[in-house]
Amino acid sequence: YVYFVRAICSDTDNSNWSVGANFSTKPANDECEDAEFVPVNSSAVCNQIVSGVVTGASASTNVPPLAAPCVGTADDDVWYQFIATNSYLNVSLQNIVPQAANLNMAVYSGTCGSLTQFQCSAANQDAMVLNGLTVGNVYYIRVYSNESTPQTANFNLCISTPSTCSNSSSICSTVGL
């Protein structure tokens with residue numbers, strides 16, 4: 001944002017406008033310690049999502065640098081956390097605006113200040129399957145743009161449980177056979 005100031009001395013006397021000054025607001029989950037909780041959907045359907053934004057986000061402090069195979073520059077990252085309810089879960093970024101925004105995700109285990117990179121999304125991939133999660137453990141998701149400068153983008157984050165034979169619907173019940 002840019003703001004300007006002027007004095008109103010009386011009903012008919014005003015000073016000139018000042019030179020504009022810049023300021024920005026950061027998302028509340030700009031650092032790992034402020035990670036927003038994301039519920040895990042019990043099916044593959046994303047009934048529960050969390051809205052997010054990288055606009056105004058800055059590079060996080062006190063976190064390990066991204067390691068291969070992660071891509072991009074996490075100079076505009078925001079943080080989320082979830083509790084694993086299954087050993088494998090789907091994580092997806094949906095309704096990204098603008099659609100051309102290249103957003104990435106990195107998933108970590110551990111605690112803020114002592115994180116271990118668990119998995120990353122591939123370049124230009126808005127979804128990934130996390131395998132080998134420990135049920136009951138807290139994991140952190142770092143969402144950031146793939147660009148070398150901070151970007152402006154909104155998105156929805158969904159964590160869902162993949163369909164399996166035990167929790168899927170039968171095709172017979174769908175078609176009424």
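The values are calculated or read from the model by the stated rules, or taken from the named source; none is laboratory data. Everything numeric here is computed off the predicted structure, so don't read it as measured data. Ideal geometry is used to build each Cβ from the backbone, glycine not excepted, and the neighbour counts take in all protein chains shown. When the accessible area is computed, the model is the full protein with side chains, heavy atoms only, and any ligands, DNA or RNA have been set aside. Shrake-Rupley method; radii C 1.70, N 1.55, O 1.52, S 1.80 Å.
Protein heavy-atom accessible surface, 1.4 Å probe, per residue over the stretch 5-56: 67 Å². Across the stretch 59-76, rounded Karplus estimates of 3J(HN,Hα) from the backbone phi angles (6.51 cos²θ - 1.76 cosθ + 1.60, θ = phi - 60°) give 5, 6, 9, 6, 10, x, x, 4, 10, 4, x, 4, 10, x, 10, 7, 8, 8 Hz, Gly and Pro being marked x.
For the stretch 1-63, go through all pairs of different Cα atoms, get the mean of 1/r, take its inverse, and jot down that Kirkwood value in Å.
Numbers: mean 1/r = 0.0618 Å⁻¹.
About 16.2 Å, per the Kirkwood formula over Cα pairs.
Per residue, the stretch 59-131 exposes 44 Å² of solvent-accessible protein surface, assessed with a 1.4 angstrom probe and all protein chains in place.
Normalised by the empirical 2.2 N^0.38 Å for globular proteins, what value does the Cα Rg of the stretch 1-114 take? Write out the running numbers ahead of the final one.
Details: Rg = 20.4 Å, N = 114, 2.2 N^0.38 = 13.3 Å.
Expressed relative to 2.2 N^0.38 Å, the Cα Rg reads 1.53.
Protection proxy ranking for 6-15, 55-64, using the average of other Cβ atoms within 10 Å per residue and placing the highest first: 55-64, 6-15. Compute the separation of the alpha-carbon centres of the stretch 9-42 and the stretch 60-99 and state it in Å as a whole number. Taking the Cα centre of each part, the stretch 9-42 and the stretch 60-99 sit 23 Å apart.
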